[in-house]
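The values are calculated or read from the model by the stated rules, or taken from the named source; none is laboratory data. Quantities reported herein were computed from a predicted structural model and do not represent experimental measurements. With ideal geometry, Cβ positions are generated from the backbone for all residues, glycine too; neighbour counts draw on all protein chains shown. Quick note on the areas: whole protein, heavy atoms, side chains included, nothing else; ligands and nucleic acids left out. Shrake-Rupley method; radii C 1.70, N 1.55, O 1.52, S 1.80 Å.
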Amino acid sequence: MNKIVQTNCEIIKDLLPLYIDECCSDESSNAVEIHLKECDDCKSVFESMVSDSVDNGREKFVPEKIKRITDWRASVLQSILLFASFAILAVSITFEAYTPYGITNGLWAFAAIVPTAGFMLSLSNWYFIRAYKSRRTFSDFSSLFNFVISAFCYVWAVIHYNSTFFRLSGSLFSFLAIGIAITIVFCIVSKITSNIYAKMLGKE
């Protein structure tokens with residue numbers, strides 16, 4: 001019996017390099033994973049091999065099943081943020097359309113449409129996460145990207161509404177102040193959520 005167990009261990013140890021490099025079949029991967037749960041000796045060898053691969057500058061090993069789950073969760077997070085942004089944008093545009101004149105004209109544009117559009121457009125940066133060297137760099141740039149897009153949108157909004165608010169410049173700047181405050185909140189949200197997104201995808 002011990003000889004059979006020892007033989008199985010030798011086979012598993014031979015498969016470990018292929019398993020770590022994700023080059024073996026699904027059947028072999030399942031066999032390795034089952035064996036590692038039951039054999040402390042092989043598990044120790046596996047952890048040592050993974051540690052060596054990280055020390056040698058290779059990417060941290062993540063089993064394919066776990067990787068698929070985390071990728072799926074990251075996609076869900078991104079989808080939820082896109083859907084929420086679009087919903088807020090749609091509602092804000094509707095309310096702005098109901099106030100085409102008067103002192104409240106432009107309030108929804110400055111306080112909701114511009115900051116939400118900036119946040120939603122900044123999510124496009126998430127598709128290029130692999131171009132960033134670290135999670136912190138990606139998170140910081142996502143927040144900065146959000147702010148820059150919003151700033152350009154505010155420039156357009158001021159130009160667009162300036163003629164309407166020519167005699168109501170106080171209202172215009174009040175709305176702008178509210179919008180900038182909300183934009184800062186969105187930038188903080190962008191930084192936090194992009195960090196979570198990068199962590200899900202294994203970005204160090």
Query raised in the report: List, please: which pairs have Cβ atoms under 7 Å, are six or more places apart or on different chains, and start with a residue in segment 8-30 that is small (Gly, Ala, Ser) and end with one that is surrounded by 15 or more Cβ atoms within 10 Å (Cβ to Cβ) and in a helix (DSSP H, G or I)?
Result: SER28/LEU15; SER29/TYR19
Report summary line: Taking first residues from segment 185-196 that are more than 12 Å from LEU123 (Cα to Cα) and second residues anywhere that are part of a helix (DSSP H, G or I) and open to solvent by less than 80 Å² (accessible area, probe 1.4 Å), the pairs with Cβ under 7 Å that are 6 or more apart or on different chains are ASN195/ARG135; ASN195/SER139; ILE196/LEU77
Query raised in the report: Can you pull out the residues in segment 193-204 that are of a type outside the set (Lys, Arg), within 9 Å of the chain's Cα centre (by Cα) and surrounded by fewer than 18 Cβ atoms within 10 Å (Cβ to Cβ)?
Result: ILE196
Report task. For segment 127-139, enumerate the residues that are among the small types (Gly, Ala, Ser) and assigned to a helix (DSSP H, G or I). Result -> ALA131, SER139
Query raised in the report: If you check ILE34 against the conditions, is it out of contact with any Lys or Arg (no Cβ under 9 Å at 6 or more places or on another chain), in a helix (DSSP H, G or I), aliphatic (A, V, I, L, M) and modelled with pLDDT under 70?
Result: no
Report task. Just give me the residues in segment 55-89 being surrounded by 12 or more Cβ atoms within 10 Å (Cβ to Cβ) and at pLDDT 90 or above, in sequence order. Result -> LEU77, GLN78, LEU81, LEU82, ALA84, SER85, PHE86, ILE88, LEU89
**Report entry** Qualifying positions in segment 90-115 - in a helix (DSSP H, G or I) and either open to solvent by less than 40 Å² (accessible area, probe 1.4 Å) or at pLDDT below 85 (or both)
**Finding:** SER92, GLU96, ALA109, PHE110, ALA111, ALA112, ILE113, VAL114, PRO115
Query - Qualifying position, being within 29 Å of SER75 (Cβ to Cβ), open to solvent by less than 20 Å² (accessible area, probe 1.4 Å), in a helix (DSSP H, G or I) and among the polar types (S, T, N, Q), among SER124, SER142 - result: SER142
Report summary line: Within segment 78-109, restricting to residues that are within 19 Å of the chain's Cα centre (by Cα) and in contact (Cβ under 8 Å) with a residue 40 or more places away in the chain, the one that is farthest from ILE182 (Cα to Cα) is GLN78
